[in-house]
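Notes follow once the structure below has been shown.
The values are calculated or read from the model by the stated rules, or taken from the named source; none is laboratory data. Since we're looking at a predicted model, the values are computed, not measured. Every residue, glycine among them, receives a Cβ derived from its backbone with ideal geometry; neighbour counts consider all protein chains shown. Quick note on the areas: whole protein, heavy atoms, side chains included, nothing else; ligands and nucleic acids left out. Shrake-Rupley method; radii C 1.70, N 1.55, O 1.52, S 1.80 Å.
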Amino acid sequence: MCGIVGYIGDKNCVPILIDGLKRLEYRGYDSAGIGIVRENDAIVVKNKGKVSLLEEKLVEQNLNSNLGIGHTRWATHGIPNEQNAHPHTNSKNNLFIIHNGIIENFQVLKNALIKLGYTFESDTDSEVFAHLIDSFLNKGYNLSKSVQMALIEVDGTYGLAVIYTLEPDKIIVARKGSPLVIGLGEGENFIASDVSAILAHTKQVIYLDDGEFAEVSINNFAVKTIEDETIEKEIHEINMSLDEIDKSGFNHFMLKEIMEQPESVRNSMRGRLQAESGSAKLGGLTDVVDRLINSKRIIISACGTSWHAALVGEYMLEQYARIPVEVEYASEFRYRSPIISSHDSFLVISQSGETADTLAALREAKNKGALALGICNVVGSTIARESMAGVYIHAGPEIGVASTKAFTSQLVVLALITLLISKRKGISKTKAVELATELNAIPKKIEQILNLNEGIERLAKDFQNAQNFLYLGRGYNFPVALEGALKLKEISYIHAEGYPAAEMKHGPIALIDENMPVVFIAPKDSTYGKVINNIQEVKARGGRIIAIADDADGEIDEIVDYTIKVPRTIEMLTPILTSIPLQLLAYHIAVKKGLNVDQPRNLAKSVTVE
Ligand code: M6R
């Protein structure tokens, strides 16, 4: 949430900051701004709305500077407007800060600063940083020390960057709870909230950890803890190309990412799945696999789409690995005094690896002695680094706010973990080979589903004006119903509910009439007969039915209004296939409504605040 970028070097920083902000816009897009320092002069330009509007404003001003910071905002405190946009400044206008996170004790600090004579221009918590740091500068401390002392006073989370006209040879950055990387160049350095902002300029990065701050100059960087201990940091090489974070000719990142799924799931399996022997090799789990297999319980925790993947994982692991599994919303887990011990494995799932609640749940479980594991997409993310062991899904960068390819890759990785454990627990060779062979065939089957895109687009036309939607599924496809509903509501703003199909009779059936589209996820699995009964119940009440069904199912066409056929696979893997038409349906409905599918209102890609 919120994007941060900064530059110090011999080039003009303005285009670098704007390019970085555009790449970060998926993290927040309420407002944007830059602050630059040149010849003892400091200039802030900010704007409500998209980075493109800020860019237009900047073109008129033709600014040039070698030091600057930029921010794209996802509002927490204060509405999205120009005043609340970052950078925030001190009253002398010679110190700029950009902040990602929440200052929990901002009101106390603000009141104290007001008493000292400081005046505030915005409603944000972040502005506190500008005046607080200024209060230490006024006492004669240098910038680095002033930031350090301010951080000691602040409770909450921050990814912070600060520049100061009187020390124009540095950017100070700090991190607690919100990611920050330093990018290393030749005669120039960068800072950013994630690598996509600086990938065009460097692939060498340093990840700050919580409780660290750094002084970054043109040719150097120095990292310390807030307690003033110097820290040696490892330099990481980013293994990602710029093409991966471009739209590559697609109108939206979301469509590009949906279409990438044959390849992204292949990448999730590459080098890990051995179809002929029916086994899976997951290097990241090698050291902990015995402990994992002997866990009394596996708790899977996540948020949003990743939580839906966790639910599918629960079905997979309980059916094949025969270990009790519980699935927890990360946001609930951390606040309910959970009972957890060293006999448990605690697995978090997160595309970004930065979700604040998921990270907090991981830390809580780790503190309580559980085997704390992570399934992440973003390499080097905080969850990936703080997990005791884990598996990357290797789906490649996911930029669209609506998660699509990360979901299917998470399911693939959960299937691989299931195969790994169940093989060790004595599942029959025949069963293991069947499972592995089916998994191996999934990318080709996804290709077949993607060929239905035009038909799904036509279908979307009939439903673009719907006010509500119901998604129903059973067993493995109940989480898919939840995921389908989430996809639709987050990008089309149509109210949608996902339910286990059998629960419909216990309430939601009252909603059904000819204006209620109902999507049934109905592959020919062990619950098929029951789902058909539920379909009949909806039909009897006049609901308009779309069914996601097996391509060999001729029977269902007679009952429902629309069918989208997907290739057959084993029950456990059906969610990987059935979720894809639902992604396309949501996408086309949102596009037909003229909405910005990549940046839906009020949302951000990476939720780094509670
Ligand atoms: O990065 P994470 O997987 O931890 O993110 C979790 C949710 O914020 C995320 O899945 C969200 O629900 C998506 N917008 C869904 O499309």
Please list, ordered by first then second residue, the pairs with beta carbon atoms under 6 Å, 6 or more apart or interchain, first in the stretch 103-116 and in the same structural domain as Phe129 (by TED's automatic domain parsing) and open to solvent by 90 Å² or more (accessible area, probe 1.4 Å), second at pLDDT below 95 and not β-branched (Val, Ile, Thr).
Glu104/Asp155; Glu104/Gly156
Among all residue pairs at least 6 apart or on different chains, which show Cβ distances below 6 Å where the first residue, located in the stretch 4-30, is within 14 Å of Leu63 (Cα to Cα) and the second is part of a helix (DSSP H, G or I)?
Ile18/Glu55
Considering each residue of the stretch 39-65, count those that are within 14 Å of Cys13 (Cα to Cα) and in contact (Cβ under 8 Å) with a residue 60 or more places away in the chain, and give that number.
1
Go through the stretch 231-243 and report how many residues are open to solvent by 70 Å² or more (accessible area, probe 1.4 Å) and within 22 Å of the chain's Cα centre (by Cα).
3
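Looking at the stretch 279-290, is at least one residue more than 15 Å from the ligand (Cβ to nearest atom), in a helix (DSSP H, G or I) and open to solvent by less than 10 Å² (accessible area, probe 1.4 Å)? Talk me through it step by step, then tell me what you get.
Step one: list which residues in the stretch 279-290 are more than 15 Å from the ligand (Cβ to nearest atom), which gives 279-290.
Still in the running and in a helix (DSSP H, G or I): 283-290.
In the following step, the residues that additionally are open to solvent by less than 10 Å² (accessible area, probe 1.4 Å) were identified as 285.
Yes, some residue in the stretch 279-290 is more than 15 Å from the ligand (Cβ to nearest atom), in a helix (DSSP H, G or I) and open to solvent by less than 10 Å² (accessible area, probe 1.4 Å).
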Select, from Asp228, Asp209, the only residue that is assigned by TED's automatic domain parsing to the domain that holds Leu180, loosely packed, with under 13 Cβ neighbours inside 10 Å, in a loop (DSSP other than H, G, I, E, B) and out of contact with any helix residue (DSSP H, G or I) (no Cβ under 6 Å at 6 or more places or on another chain).
Asp228
Of all residues in the stretch 470-494 being within 16 Å of the ligand (Cβ to nearest atom) and closer than 21 Å to Glu537 by Cβ, which is most open to solvent (accessible area, probe 1.4 Å)?
Leu482
Condition test on Pro517, is it more than 16 Å from the ligand (Cβ to nearest atom), farther than 30 Å from Arg23 by Cβ and not small (Gly, Ala, Ser)?
yes
Going by the structure shown, is Asn93 more than 26 Å from Leu151 (Cα to Cα) and either open to solvent by 20 Å² or more (accessible area, probe 1.4 Å) or not assigned by TED's automatic domain parsing to the domain that holds Glu215 (or both)?
no
Please enumerate the residues belonging to the stretch 356-380 that are open to solvent by less than 10 Å² (accessible area, probe 1.4 Å), of a type in the set (A, V, I, L, M) and within 16 Å of the ligand (Cβ to nearest atom).
Leu359, Ala361, Leu362, Ala365, Ala372, Leu373, Ile375
How many of the residues making up the stretch 116-160 are in contact with a His (Cβ under 8 Å, 6 or more places away or on another chain) and part of a strand (DSSP E or B)?
3
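What are the residues in the stretch 514-525 that are open to solvent by less than 60 Å² (accessible area, probe 1.4 Å) and of a type in the set (Asp, Glu), if any? Outline the logic, then answer.
So the first thing to find is which residues in the stretch 514-525 are open to solvent by less than 60 Å² (accessible area, probe 1.4 Å), and the list is 516-523, 525.
Correct list: Asp525 only.
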Residues of the stretch 331-355 being more than 9 Å from the ligand (Cβ to nearest atom) and either among the acidic types (Asp, Glu) or within 22 Å of the chain's Cα centre (by Cα) (or both), which ones?
Ser331, Glu332, Phe333, Arg334, Tyr335, Asp344, Phe346, Leu347
Quick one: in the stretch 586-609, which of the residues that are of a type in the set (Lys, Arg) and within 18 Å of the chain's Cα centre (by Cα) is surrounded by the fewest Cβ atoms within 10 Å (Cβ to Cβ)?
Arg601
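Among Val327, Val348, Val289, Val265, which is at pLDDT 95 or above and closer than 17 Å to Ser422 by Cα?
Testing whether each residue is at pLDDT 95 or above and closer than 17 Å to Ser422 by Cα leaves just Val289.
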Criterion violated by Gly304 - all others in (1) among the small types (Gly, Ala, Ser); (2) over 23 Å from Gly475 (Cα atoms); (3) open to solvent by 10 Å² or more (accessible area, probe 1.4 Å) satisfied
(2)
Flag for Val391 being more than 20 Å from Ala604 (Cβ to Cβ) and crowded, with 24+ Cβ neighbours inside 10 Å
yes
